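A.B. asks: Here's a structure for you.
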Amino acid sequence: MKLVTLWSKLSLGIQLLVALVLGVIAAVIWPQFAGFYQFLGQAFIKLINMVIIPLIFPTIVVAVAGVIGKKSFGKILTKSLVYFFAVTTAITLLFVFASYYLGFGQGVNIGQTGGNLDGIANNVKFSEFLLGFIPSNIVKSLSEGALLPIIVFAIFLGYGIGNFKSEKSQKIIQGFQIWIEAIYKIVAVIVKLSPIGIFGFIAKDVATTGLDKLIGLGQFVIGTYLAYAVLVLLIFPLIVVFFKVPYLSAFRENWSLLTLAFVTGSSSVVLPSLLKDLKKTVA
């Protein structure tokens, strides 16, 4: 009981670091349990994926419905589009150049035969790329977890609800808000299980790959996080100046979630909690 009480007093970031160390130790001592370690990690990711779409969809609907009819709607929409394309392009270019100049993957043979990329660009049509954003079947998009078509539908639904001024539309919005709060309650429980998921991730990798080979990936890890440093110290500050976001306070409030994203290598695992925490920070 004392151990459980002590563990509960630790911050999430410290719990994750402890889980990481314990995962390495367990994998070195008991590598034969790699399948069980993998189960723990995959179960955690599935729990997170379970709540992402049910949270993102109503959040966008409520947000769009709330700003419809306001003079700032056009300004918000324009800023959002500029932000999405500019930041996505900047981050993509940053990591492409980082991987090229740092030589990631050069001289590595993983047993796969080479492929011919000639003409691949000719098969990519910009019109088809844009059409992929529009869901032809929203039920299918929801079942497949296709995020962009779901977001597009949520924007249109929010627009429709926002233009339908009546008590019924307000009840729909209130229903979505209750749904969002319920999902956040579920997310809070899942986040408390994140040390178990991290333990499984690290233990499985060490047990199947070996500690020596993981250390050999140091160049990739160092190079990747140098690119992250440029992102944090250069690109993000420019964004916060433009949008007037309290950058340092946001980092202090969310360092545990950043640690979770760091260890798992995935932003999706922290997206639900980050949305809620950033909303409180900015407010």
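Every number here is computed from the coordinates shown, using simple stated rules; none is lab data. Everything numeric in this text was worked out from a predicted model, so none of it was measured. Using ideal geometry, Cβ is built from the backbone for each residue, glycine included, and neighbour counts are taken over all protein chains shown.
A.B. asks: Pull out the extension gain between I235 and T5, defined as 0.36 nm times the separation in residues minus the alpha carbon to alpha carbon distance; nm, one decimal.
C.D. replies: Gain on stretching I235 to T5: 78.7 nm.
A.B. asks: With θ set to phi - 60° and the Karplus curve 6.51 cos²θ - 1.76 cosθ + 1.60, what are the ³J(HN,Hα) couplings of region 174-179 in order, to the nearest whole Hz, using x for Gly and Pro?
C.D. replies: Result, rounded to whole Hz: 4, x, 4, 5, 5, 4.
A.B. asks: Quick check: pseudo-label points 7 Å beyond the Cα along Cα→Cβ at I134 and K185, how many nm apart are they?
C.D. replies: Placing both labels 7 Å beyond Cα along the Cβ direction yields 4.0 nm.
A.B. asks: Moving on. From the phi of every residue in region 7-19, what ³J(HN,Hα) in whole Hz does the Karplus formula 6.51 cos²θ - 1.76 cosθ + 1.60 yield, where θ is phi - 60° and glycine or proline is x?
C.D. replies: 5, 5, 7, 6, 5, 4, x, 5, 4, 5, 5, 5, 4
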